[in-house]
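Structure record follows, encoded as C-alpha cells.
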Amino acid sequence: MATTSIGAPGVTFPDATVQASAGATGVPVLTANTTPGSFTKGAGLKAIKVTIVAGGGPGGPGNTASPGIIGAGGGGGGGGTSTKIYPAPSLPASAVPYTVGGAGASSSFGIAPLVVISATGGATGGSSATLSNVGGAGGTGSSGTINAQGSAGASPAGNNPNQISGTGGSSSLGGGGVGVSNPTAGNAGGSYGGGGSGGITANPATPRAGGAGAAGVVIIEEFY
C-alpha cells in the first residue's frame, strides 16, 4: 500500500507527487507608501488590495481689515479614498506606477489597460479676507470597488470676539485639524489626508496662515 514519506527530496505523497518546500503562510504583506513609486508582482502572488487616500486641503488664512475684529479662515476638506482588489493575473509583469498626493493633491494607482483607481484632494478652506471663509469641499474616490468622499471642512463658528476658525475635514484615515480661538495659525490635518484648520487673527498687519493639509497614502496588501 502506498504511503506518505518524509525525506529527500521532500514530502512524497501516495500518488507519487512531491512537495519540496513549505506552503505559504497566508499572512499578507502590508506597505504604506507616502511617496510616488511603483509595484511589481512577485512569484506566488495571488492578489493585492490597494487603498489610496488623497491629500487633505489646507485651512484658509485668517485676515482682518480692522483692529480688534476677528478674521477666521475655513477648514480644508478631507481627501477622498478608493479601494480595489486586483487578482494577480490581471497585473502586468512590468511595474505598476502609483502617485501619492501632497496637501490638496490627488493620489492614484494603475496604468491602462489596468483599471486605474484615483482619489482627489480636499479643497482649501476659504479666507476671511474675501468674506468667503467657508470650509473646503472633501475629495472623492473613483473607479474602485469602494469609493469614499472626505468630509468638508467646517466654516468658522461663533461671533466676534468669540470666534473659532473652521476645523478641517476628515479622510477615511486622518482627522482634520482642530479650529483655533486665539490669534494663531491653524492646526495641521492628521495623517493621512486630514484637512488643516483655518487661521485666526485680530490684527490687520498680522495675517495668520491656515494649517497644512496632511499628505495622502497608497496602502498595498499583498496576498500569497
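The values are calculated or read from the model by the stated rules, or taken from the named source; none is laboratory data. All values derive from a computational prediction rather than experimental measurement. Using ideal geometry, Cβ is built from the backbone for each residue, glycine included, and neighbour counts are taken over all protein chains shown. We work out accessible area using only protein heavy atoms, side chains counted, and drop any ligands, DNA or RNA first. Shrake-Rupley method; radii C 1.70, N 1.55, O 1.52, S 1.80 Å.
When +1 charges are put on Lys and Arg Cβ atoms and -1 charges on Asp and Glu Cβ atoms, the dipole computed for the chain relative to its Cα centre reaches about 180 debye. Between ASN160 and ASN182, the C-beta separation translates, for a Förster distance of 22 Å, into a calculated FRET efficiency of about 0.95. Counting only protein heavy atoms and a probe of 1.4 Å, the accessible surface of region 73-120 is 70% carbon and sulfur.
How much net charge surrounds ILE48 when only other residues with a Cβ under 12 Å from its Cβ are counted (Lys, Arg +1; Asp, Glu -1)? Value of the local net charge: +2.
Cβ neighbours within 10 Å, averaged per peptide: list 114-124, 88-98 in order, most packed at the top.
Top to bottom by mean Cβ count within 10 Å: 114-124, 88-98.
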